[in-house]
There are 2 protein chains.
Amino acid sequence: MSETGSVDQYLKEVKTAIDAYILDFLPREHNRVEVQCLYDMIRDYPQRSGKRLRPALCLLICEAFGGNPKDVFNTAAALELLQNWLLIHDDIEDGSDLRRGKPCLHQKYGTPLAINAGDALHCKMWEMLHQNAEILGHEIAFQILAEFTQLSNQVVEGQHIELSWIGNNRWNLTENDYWEMCVQKTAWYTCITPCRLGALAAGASRADADRFIEIGMNLGVAFQIQDDVLNLIGEVGQYGKEIGGDISEGKRTLVLIHLFDSCTEAEAERVIEIMAKHREDKRQADVEEVLSFMEKYKSIAYAQERSKFLVVKACTQFNQRFAHLPNSGAKSLFLPLVHFVIEREY
Amino acid sequence: MSETGSVDQYLKEVKTAIDAYILDFLPREHNRVEVQCLYDMIRDYPQRSGKRLRPALCLLICEAFGGNPKDVFNTAAALELLQNWLLIHDDIEDGSDLRRGKPCLHQKYGTPLAINAGDALHCKMWEMLHQNAEILGHEIAFQILAEFTQLSNQVVEGQHIELSWIGNNRWNLTENDYWEMCVQKTAWYTCITPCRLGALAAGASRADADRFIEIGMNLGVAFQIQDDVLNLIGEVGQYGKEIGGDISEGKRTLVLIHLFDSCTEAEAERVIEIMAKHREDKRQADVEEVLSFMEKYKSIAYAQERSKFLVVKACTQFNQRFAHLPNSGAKSLFLPLVHFVIEREY
């Protein structure tokens, strides 16, 4: 089987197992019709398509470090719950329309109920993590909780940074600003913590777990850049969100920062004029005009190159720092899985 | 000192100690200006006025059961964090203007940042609860986490029920519907769990802790009814929210249910016509018209009587079920504290 085939197969297996576990954990039926609606809402995003990349990374690293993936399975599922409650609230905060190819939860049920459903799922994530007390014992359970606390603090700060750039109409951003925002908003919960949890569950040293901070930063930012790129050039059927949605939402991406660094002052003014419009005032022609500037200055190609560079860097770091790990199927799958991050189309 | 004086003094002492503890726990300064703004946001509601009733109940019951309130102090503070993140999100969900006499967080910073700040504070609540591992040991810490999980599940269901009545324009509600919604939305986190946690921290049996379920239901619903009443007839300076705000927000209260049970069909149609208007379309004259119907049918007085009846019932149950507890300053303060719930003007 090709490496890509192996990655596809692995992700598929993880998705099947994680989805079943989560849907078994979440409440299903209630005789009060209103509460039944809440249950339907919290089960909605977990039933949609998606990669389940975070649990996959966590389980794979556990196995690569010689651990039993079963020990970290509950924790890996909690990473997916995290992703789901974050998405419910992110979609409201960004004013998004589509998620995983279907209307966002707040578009289906209204913002008030969707905020509350996100909170409900958030509580369920901690409830799932507390089950680790029975599965792994109290001490390890608290270590895992500490990892989740660390990543939670990162993700809300990263999210605040991005939202405040949009809210405060800030445009003079550097690549370094983008890097720092992405590390907090994306890298911690998408890569750093999943890998750390997998390694720690396998009994890895804290020093080994800490080695994933730098690797996960490179990988997480690469993931976010690829997400930004797909948002501009992806296929809506595969990508699952509205194409050009980031332009409508006024998102500050690496593509945009490169464009500002490359274009004339007059062009920058025009781009800002469009980007700063309220979402509902932006038309398709506006989005296409910004896209044409991005193409003119090869900003999308630049971001793709940057993303590729970061993944290669992460792979080199992984090979160097974990040369002592014995070769295994799991270890050999890490690099293709990581490359999937930038080769994916969804 | 009069009993009311004692209660005031006790609440003041609790407030001072809890506020200091929370503000010491929450992050204060960050060199990135955007993150500093997030820190300011999560420290905002905890610095506003308010009763700190939930920690007070928890600490008092712990003492009444012969425990050391210091053991449950961290947990009591987490109850206050819960209240604060719930309020941030509730205020968005309800479209409120004022909280504790000042503009709601989303009115100051916009909805996207406020949703995220609520999430940040929510995470901080669990982080504070995880500290119980060091304070009380792993086993008790997990018992407390289980109590918080139970109440979280209740509160999001109760909140969903109330919001869906408004969202689905439902009016044919009974007193029993209101009761069930209030038990879930209010009673668990305001009364049942605070008392349970206080008792359990003092080494009370699970049977004793369970006795607080019924007492706390009566007390919690009484608290909510009084809140609904103050929303209609309170002083904005003391109560801290816009008077008549529940009418603007379309809230289903006991007062309203009593009105529908009492008025003519034509009057009910008129009230629904007003109540069902979008918030921004409701004028002061609309609010006053609904209020005049409530006065005509003595619906506010009915709710006040009902609230009083429930508090007396809760007190009787407390005296009967905990007759075996030795008399103490703490035990004797419970009844006046509980009466404060319906006598308060804020």
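We did not get these values from a lab; they are worked out from the coordinates using the rules stated. Just so it is clear, the model here is predicted, and its values are computed rather than measured. Ideal geometry is used to build each Cβ from the backbone, glycine not excepted, and the neighbour counts take in all protein chains shown.
A few points about this structure:
- Cross-link pairs beyond the 32 Å C-alpha cut-off, checked among A:12/A:108; A:12/A:102; B:51/B:298; A:102/B:102: A:102/B:102
- Shortest-first nm distances, residue B:9 label point to equivalent points in other copies (7 Å, Cα→Cβ): 7.6
- Taking 19 Å as the limit for the C-alpha separation, the pairs A:251/A:277; B:185/B:251; B:251/B:277; B:241/B:313 exceed it in the case of B:241/B:313.
- Label points for residue B:207 are taken 7 Å from Cα along Cα→Cβ. From this copy to the others they lie 5.6 nm apart, shortest first.
- For the stretch A:331-346, Karplus couplings with θ = phi - 60° (6.51, -1.76, 1.60), whole Hz, Gly/Pro x: 4, 6, 7, 4, 5, x, 5, 5, 5, 4, 3, 9, 9, 4, 10, 8
- Annotation: amide H-H contacts under 5 Å for residue B:99 (H modelled 1.01 Å from N, sequence separation of 5 or more, or interchain): B:104.
- The stretch B:62-74 - phi-based ³J(HN,Hα) in whole Hz, Karplus 6.51/-1.76/1.60, Gly and Pro as x: 4, 5, 4, 8, x, x, 9, x, 4, 5, 10, 5, 4
- The orientation-averaged shadow of the Cα convex hull for chain A, equal to a quarter of the hull surface, comes to 17.4 nm².
- Closest approach to the axis - chain A beta-carbon, rotation onto B, Å: A:138, 2
- Annotation: amide H of residue B:298 has no partner in the under-5 Å range at sequence separation 5 or more or interchain, hydrogens built in the peptide plane.
- Integer Hz, Karplus 6.51/-1.76/1.60 couplings in order for the stretch A:218-228, x for Gly and Pro: 4, 5, x, 5, 4, 4, 5, 4, 5, 5, 4
- Residues whose amide H falls under 5 Å from that of residue B:244, counting only those 5 or more places apart or on a different chain, are B:232, with hydrogens built in the peptide plane.
- FRET efficiency estimate (nearest 0.05) - Cβ-Cβ, residue B:276 to residue B:327, R0 45 angstrom: 0.30
- The smallest convex shape that holds all Cα atoms of the protein assembly as shown, its convex hull, gives 157 Å³ per residue.
- Other-copy label distances relative to residue A:134, 7 angstrom Cα-Cβ extension, nm: 2.9
- Think of chain A as a dipole: +1 on every Lys or Arg Cβ, -1 on every Asp or Glu Cβ, centred on the Cα centre; then among A:178, A:197, A:301, A:197 lies furthest on the positive end.
- Extending 7 Å from Cα along the Cβ direction at residue B:30 and again at residue B:174 yields two label points whose distance is 5.0 nm.
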